[in-house]
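Only one structure is covered here, and it is reproduced in the block below.
Rule-based calculations on the coordinates, nothing more; no lab input. All of these numbers come straight from a predicted model, not from anything done at the bench. Glycine also receives a Cβ, built like all others from the backbone with ideal geometry; neighbour counts cover every protein chain displayed.
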Amino acid sequence: MEETAHFGSRQVPLGQKQGLVDDVFRSVARRYDLMNDLMSFGLHRAWKDALVTAVNPPKSRPFALLDIAGGTGDVALRVIAAGGAETRATVCDINADMLAVGRERASARSPSLPASASEGEMKRRIAFIEANAEALPFEAKSFDAATVAFGIRNVPRIDRALAEAFRVLKIGGRFLCLEFSAVDVPGLDRLYETYSRNVIPALGRWVVGDMESYRYLVESIRRFPKPQAFAEMLRKAGFARVSFRPMSGGIVMLHSGWRL
Ligand SMILES: C[S@@+](CC[C@H](N)C(=O)[O-])C[C@H]1O[C@@H](n2cnc3c(N)ncnc32)[C@H](O)[C@@H]1O
């Protein structure tokens, strides 16, 4: 029997999920960053800052980050801003439209970048690569840290993506993953449910002209494995010292694992 995958509330043949996900991000790419600010009331910045703090890029030695499903480069630019002159980032994403927005952001030298970073230097420090998280075009043991922010739930074969993240990390490297989760604060859970079911798709229609894509994004959060189950997937992929930490009442979870 043919394998299937969740695509929002629908069950689709596994081989079709990626194409449907690509349509979503092609549609939202230009307004993606604005929508993140609107939907989360700017909170996604704090969640990403917590991720960057955990990455902890050094100030005075070389450091190579791989940001998987890195989209418009938001996390990579923040890591570069936090690290030293030898911090480099590779943004890998399957969607050319999201990467195109990221390249523009990097060359426009967003205010989050160090004032010292000239355009030429930014090109040296950040690369945008179109690739599938399930088959990364990088050598084994080549990155100090690998991150995924709000990306893993979109990947059809999550186990393959985790195995690939493990493969490309150096020994001693850390994997960090931000993903939405289930709210576990009484009262807030119902508020969040109402907000995500009604307000987010309406915002999507208003700002992007696309309600369905935001319905998918909300539904895909609901279908994502619970933190314990995802932690188990990390262990299966080979990661050690696996942990997770809730943020904002459980709206978001920061998962961590090490290649030891
Ligand atoms: C919600 S966005 C997150 C973007 C970015 N990490 C951020 O936090 O702003 C999800 C991203 O996952 C990417 N994606 C989906 N499937 C992928 C895959 N198989 N391999 C690589 N990227 C993928 C999409 O193209 C999209 O850019």
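Among the residues making up the range 21-38, those that are under 13 Å from Arg215 (Cβ atoms) and near the ligand (Cβ under 10 Å from one of its atoms) are Val24, Val28. Taken as a whole, the range 85-94 holds no residue that is out of contact with any strand residue (DSSP E or B) (no Cβ under 8 Å at 6 or more places or on another chain) and either within 29 Å of Gly250 (Cα to Cα) or within 11 Å of the ligand (Cβ to nearest atom) (or both).
Just to check your reading of the model, which residue among Ile158, Ile152 is closer than 24 Å to Met35 by Cα and surrounded by 14 or more Cβ atoms within 10 Å (Cβ to Cβ)?
Every option except Ile152 fails the conditions.
When you check Val185 against the structure, is it within 23 Å of Arg45 (Cβ to Cβ) and crowded, with 20+ Cβ neighbours inside 10 Å, yes or no?
Here the answer is no, as Val185 does not meet what is asked.
Considering the range 124-149, the residues that are part of a loop (DSSP other than H, G, I, E, B) and small (Gly, Ala, Ser) include one that is surrounded by the most Cβ atoms within 10 Å (Cβ to Cβ), namely Ala133. Taken residue by residue, the range 184-193 has at least one member that is part of a helix (DSSP H, G or I) and of a type in the set (Ser, Thr, Tyr). In the condition set (1) farther than 17 Å from Ser256 by Cβ; (2) among the polar types (S, T, N, Q); (3) under 16 Å from the mean Cα position of the chain (by Cα), Ser142 is compliant with all but (3). Please go through the range 45-72 and give me each residue that is surrounded by fewer than 19 Cβ atoms within 10 Å (Cβ to Cβ) and either part of a helix (DSSP H, G or I) or within 12 Å of the ligand (Cβ to nearest atom) (or both), ordered by number. Once the filter is applied, which keeps residues that are surrounded by fewer than 19 Cβ atoms within 10 Å (Cβ to Cβ) and either part of a helix (DSSP H, G or I) or within 12 Å of the ligand (Cβ to nearest atom) (or both), the range 45-72 yields Arg45, Ala46, Asp49, Ala50, Thr53, Ala54.
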